[in-house]
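The values are calculated or read from the model by the stated rules, or taken from the named source; none is laboratory data. As the structure is a prediction and not an experimental result, all values here were calculated from the model. For neighbour counting, all protein chains shown are included, and Cβ atoms are generated from backbone atoms with ideal geometry for every residue, glycine included. Quick note on the areas: whole protein, heavy atoms, side chains included, nothing else; ligands and nucleic acids left out. Shrake-Rupley method; radii C 1.70, N 1.55, O 1.52, S 1.80 Å.
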Amino acid sequence: MSRTTFFEVEVLDGRTRQQLCFLDKVEPHATIGEIKSLFHKSYQQLYPARQDLKLDPKGKSLRDDDVLQNLPVGTTATMYFRDLGPQVGWTMVFLAEYIGPLFIYLLFYFRVPYIYSHQDAFTSSPYSVVTLACACHTCHYIKRLIETIFVHRFSHGTMPLRTIVRNCVYYWVFSAWLAFYINHPLYTPPSYGDMQVNYALAIFVLCELGNFSIHVALNNLKAEGGPKCKKFPHPTKNPFTWLFFFVSCPNYTYEVGAWASFSVMTQCLPVALFTFLAFIQMTIWAKGKHKTYVREFMDYPNLRMPIIPLLL
C-alpha cells in the first residue's frame with residue numbers, strides 16, 4: 001500500500017516576503033480554495049474571498065479549484081499572498097448598481113423640487129416621448145433586477161468594495177445626467193416625431209426581449225452543465241437566440257441595440273454618449289469571452305464574431 005506524500009505550504013506576504021503562515025501535512029489533492037480556508041483560520045479577518053494567492057509575486061492568480069499536486073511545485077510550496085480588500089457578493093453588486101438608476105430617473109421624471117425651477121416642481125412634460133422614455137428606462141432596470149435575483153448564475157463569488165463604488169458612481173451619475181435632459185422643461189421631441197419614436201421603441205422592445213432570452217439561455221446552459229460546464233452556447237428554438245449563429249455574446253449585442261434605440265427615441269446626446277461608452281466596454285468583454293471560447297473549444301464556429309455579426 002502506497003504511502004501518501006503530504007505537502008508543506010508556506011504563505012508569504014507578496015510585498016514584504018515575510019512569512020504569514022506555514023501549513024504542514026496538506027493533502028496533495030487539496031484545492032487552493034481549501035488552502036485559503038486553512039489560511040483564514042490564522043487570520044480571521046482575511047476570509048477566502050479577500051485572498052489572492054500566487055506562485056510568483058508578479059505571476060497569475062491561482063484559481064480556487066486548482067489542485068495543489070497539479071501545480072508546478074515540489075512537496076514544499078511557496079505562495080505569495082495579497083489582500084484584495086473587503087468584498088461584496090455579485091448579487092448585492094448588481095442590486096446596488098441597478099436600484100440607483102431606477103429611482104434616480106424617477107426623481108427627474110416627477111420633477112421633485114430643487115431639480116428644475118420652482119414653478120416646474122411636480123409638473124409633467126406635455127410630450128408622450130418623455131413618458132415612453134421613462135417607461136423604457138424603468139422596465140430596463142426592473143428587468144435587470146429580476147435577472148439578478150432569478151436568472152443569473154455568477155461564476156465568481158465577489159467583487160472588491162472599491163469597485164462597486166466606482167461602478168455605482170458610473171451608473172448613477174449617467175442616469176441622473178440623461179434623466180436631467182430628457183425630463184427638462186425645455187426638452188424638445190425628436191426631429192422626425194412619432195415615426196422616429198415608434199420605430200425606435202419597437203427596436204428597443206425587441207432588443208430587451210432578446211437580451212432577456214440570451215440570459216435565460218446562458219442560465220439554462222450552466223444549469224445543465226453545472227459550475228464546471230464545458231459547453232459553449234448554441235441557438236435554441238427561441239428565435240432571439242439565433243443570434244448565436246453570428247456572435248459569441250449576443251446579450252451584449254442586444255444591450256447595445258437597446259441603448260442605441262433609446263438614443264434615437266429620445267434624441268438625447270447624453271444617452272448617445274452613455275451608449276458609446278457602454279459599447280466600448282461591452283466590446284472588450286465580448287472579445288475576451290470570444291477568445292476564451294476559441295481557445296477552449298476546437299470545434300467553435302468560425303463564423304461567430306465577438307459582438308457585431310460579420311464585423312467585430
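Once you order the gyration tensor axes a ≥ b ≥ c over the Cα atoms, which shape class does the stretch 151-295 get: rounded for a/c under 1.5, otherwise prolate or oblate by comparing a/b with b/c? Could the numbers behind the result be given before it?
Details: a/c = 2.57, a/b = 1.53, b/c = 1.68.
Oblate shape, in that a/c is at least 1.5 and b/c is the bigger or equal ratio.
With an 8 Å cut-off on Cα pairs and a minimum separation of 6 or more residues, tell me the relative contact order of the stretch 33-181 in percent. Mind dumping the intermediate values first?
Working: 140 pairs, mean separation 41.8, N = 149.
Worked out over the stretch 33-181, it gives 28 percent.
With axes computed from alpha carbons, what is the tilt in degrees of helix 250-266 against the longest principal axis of the chain, rounded to the nearest 10 within 0 to 90?
Approximately 30 degrees, to the nearest ten.
For a distance above 38 Å, tell me the whole-number percent of Cα pairs in the chain that qualify.
Pairs farther apart than 38 Å: 31 percent.
In the neighborhood of Gln44, defined by Cβ-to-Cβ distances under 14 Å, what is the net charge if each Lys or Arg adds +1 and each Asp or Glu adds -1?
Taking every other residue near Gln44 into account, the sum is +2.
For every helix of n ≥ 4 consecutive DSSP H residues, a contribution of -39,500 (n - 2.57) applies; sum these over the chain, divide by its total residues, and give [θ] at 222 nm rounded to the nearest 500 deg cm²/dmol.
Result for the chain, helices only: -16500 deg cm²/dmol.
What residues have an amide H closer than 5 Å to that of Ser61, excluding those fewer than 5 places away on the same chain, when H is modeled at 1.01 Å from N in the peptide plane?
none
Taking H as built 1.01 Å from N, whose amide H comes closer than 5 Å to the amide H of Cys21, not counting residues under 5 places away?
It is Val11, by chain and number.
Write down the accessible area per residue of the stretch 200-311 in Å², having rolled a 1.4 Å probe over the full set of protein chains. Intermediate results must be reported in sequence, preceding the final value.
Values: 5990 Å² over 112 residues.
Per residue, the stretch 200-311 has 53 Å² of solvent-accessible surface.
Please compute the net charge surrounding Phe279, taking Lys and Arg as +1 and Asp and Glu as -1 over other residues with Cβ under 14 Å from its Cβ.
Values: positive: Lys287; negative: Glu255.
Result for the neighbourhood of Phe279: 0.
Count the net charge of all other residues whose Cβ sits under 11 Å from the Cβ of Asn183, scoring Lys and Arg as +1 and Asp and Glu as -1. Walk me through the numbers on the way to the answer.
Numbers: positive: Arg111; negative: Asp120.
That sum, taken over residues with Cβ under 11 Å, equals 0.
If you count only protein heavy atoms with a 1.4 Å probe, what accessible area per residue comes out for the stretch 1-158, rounded to a whole Å²?
Each residue of the stretch 1-158 exposes 58 Å² on average to a 1.4 Å probe.
Under 23 Å from the Cα of Lys287, which lysines turn up, not counting those fewer than eight places away in the same chain?
Lys60, Lys222, Lys228, Lys230, Lys231
Can you divide the C-alpha Rg of the stretch 216-312 by 2.2 N^0.38 Å and report the result to two decimal places?
Rg over 2.2 N^0.38 Å, computed on Cα atoms: 1.18.
Counting only protein heavy atoms and a 1.4 Å probe, tell me what percentage of the chain's accessible area is made up of carbon and sulfur.
Its accessible area is 63 percent carbon and sulfur atoms.
From the protein chains alone at 1.4 Å, what is the descending order of accessible area for Tyr181, Tyr254, Tyr141, largest first?
Greatest to least solvent exposure: Tyr181, Tyr254, Tyr141.
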